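A short write-up of the structure that comes next.
The values are calculated or read from the model by the stated rules, or taken from the named source; none is laboratory data. Note that the coordinates shown come from a computational prediction; the quantities given were computed from them, not determined experimentally. Backbone-built Cβ (ideal geometry, glycine too); neighbour counts: all protein chains shown.
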Amino acid sequence: MNSTTKIGQRGNRIGAERRMRTVVLDIETAALDPTDEKGALDAMSGRVVCIGMLIDDQKTISEITLADEDERRLITEFWRTIVPDDVVVGHNVLDFDLRFLRQRSWILGIQPSRTLDTRKYYTADVIDTLQLWTNWSGNKKGVTLDALAAVLGCGAKTGNGAKVAQWWAERDLENIKAYCRQDARVAYQIFCRLTYREPKQFPSEVQSVSVGARADITDVAKEDVCRA
């Protein structure tokens, strides 16, 4: 291997590092039938009402919270926001958030912009803090986002997920977005603790987004940045 080849490979690695982002994901769901108390837990009986993303590009943090009554538009915007090199992070993100998004995408006929390898023990595309904590042992009882955050000193949730159904019935998207955004922040803090990273400072001002115009989403991604 000559020096030119080595330099080229090193350049490729550096470029990949620059492109790689950590995207902490949290979604909120609601039952299609308001009388179905557990409908929000299954993609066949529930729908996505909000998607929160905290994006760490290794230099800065940006936060995007998407909410819309049009679920197709909401999920489509999510797939347009994440890019092939993103590493998706979340608490129970493998068994719930990503699974739910993938299933609703099938139901709505939405083709994802990228594939995500969700094989057991594989963490190149997705890092699940629940699995990281339990070491894939299957012993998940009691390891909720709130409980894990408390024991690690990583903040706390600001509300109860049970209220999402009420907020959705009232079309109170602002409360749903605030709750979703805080969950993503807590998950980010847990991820940093479990991976021995120094968490970056959150943006002082966060703009929540009701999906309507792509230009608005792009502006928020650029403006909601706080340097570490």
inquiry  = Looking for something part of a loop (DSSP other than H, G, I, E, B), surrounded by 12 or more Cβ atoms within 10 Å (Cβ to Cβ) and either touching an Asp or Glu at 6+ places or on another chain (Cβ under 7 Å) or aliphatic (A, V, I, L, M) (or both) - is there at least one such residue anywhere in the stretch 120-136?
reply    = yes
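Yes or no: the stretch 57-74 includes at least one residue that is in a helix (DSSP H, G or I) and among the hydroxyl-bearing types (Ser, Thr, Tyr). Give the derivation first.
The first filter runs over the stretch 57-74 and keeps only residues in a helix (DSSP H, G or I), leaving 71-74.
With the extra rule that they be among the hydroxyl-bearing types (Ser, Thr, Tyr), the set shrinks to none.
No - not one qualifying residue is present in the stretch 57-74.
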Unmet requirement for Glu28, which otherwise passes all of (1) at pLDDT 95 or above; (2) over 24 Å from Leu145 (Cβ atoms) = (2)
request  = Go through the residues of the stretch 85-96 one by one and say whether even a single one is more than 19 Å from Thr195 (Cα to Cα) and over 15 Å from the mean Cα position of the chain (by Cα).
outcome  = no
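Scan the stretch 49-63 residue by residue and report those that are within 13 Å of the chain's Cα centre (by Cα), of a type outside the set (Asp, Glu) and crowded, with 24+ Cβ neighbours inside 10 Å.
Of the residues in the stretch 49-63, the ones within 13 Å of the chain's Cα centre (by Cα) are 50-56, 62-63.
Now drop any that are not of a type outside the set (Asp, Glu), which leaves 50-55, 62.
Passing the criteria: Cys50, Ile51, Gly52, Met53, Leu54.
Can you tell me which residue among Met53, Met44 is at pLDDT 95 or above, under 17 Å from Arg72 (Cα atoms) and not in a helix (DSSP H, G or I)? First the steps, then the outcome.
On the way: Met53 fails: under 17 Å from Arg72 (Cα atoms).
Residue meeting the stated conditions: Met44.
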request  = Residue by residue through the stretch 83-115, note down the ones that are aliphatic (A, V, I, L, M) and either in contact with a strand residue (DSSP E or B) (Cβ under 6 Å, 6 or more places away or on another chain) or at pLDDT 95 or above (or both).
outcome  = Val87, Val88, Val89, Val93, Leu94, Leu98, Leu101, Ile107, Leu108, Ile110
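Can you name every residue in the stretch 32-42 that is surrounded by fewer than 20 Cβ atoms within 10 Å (Cβ to Cβ) and of a type outside the set (Lys, Arg)?
Kept after step one, since they are surrounded by fewer than 20 Cβ atoms within 10 Å (Cβ to Cβ), are these residues of the stretch 32-42: 32-39, 41-42.
Those that are surrounded by fewer than 20 Cβ atoms within 10 Å (Cβ to Cβ) and of a type outside the set (Lys, Arg): Leu32, Asp33, Pro34, Thr35, Asp36, Glu37, Gly39, Leu41, Asp42.
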task = Of the numbered conditions (1) at positive phi; (2) in contact (Cβ under 8 Å) with a residue 12 or more places away in the chain, Asp125 fails exactly one; give the number of that condition.
result = (1)
note = In the set Ala149, Ala187, Ala156, the lone residue that is closer than 14 Å to His91 by Cα, at pLDDT below 95 and not basic (Lys, Arg) is Ala156
ask   = So, of the residues in the stretch 134-192 that are within 18 Å of the chain's Cα centre (by Cα) and aromatic (Phe, Trp, Tyr), which turns out to be nearest to Gly46 (Cα to Cα)?
value = Tyr179
message = in a helix (DSSP H, G or I), free of Cβ contacts under 8 Å to residues at least 40 places away in the same chain and crowded, with 16+ Cβ neighbours inside 10 Å: is that true of Leu101 in this structure?
response = no
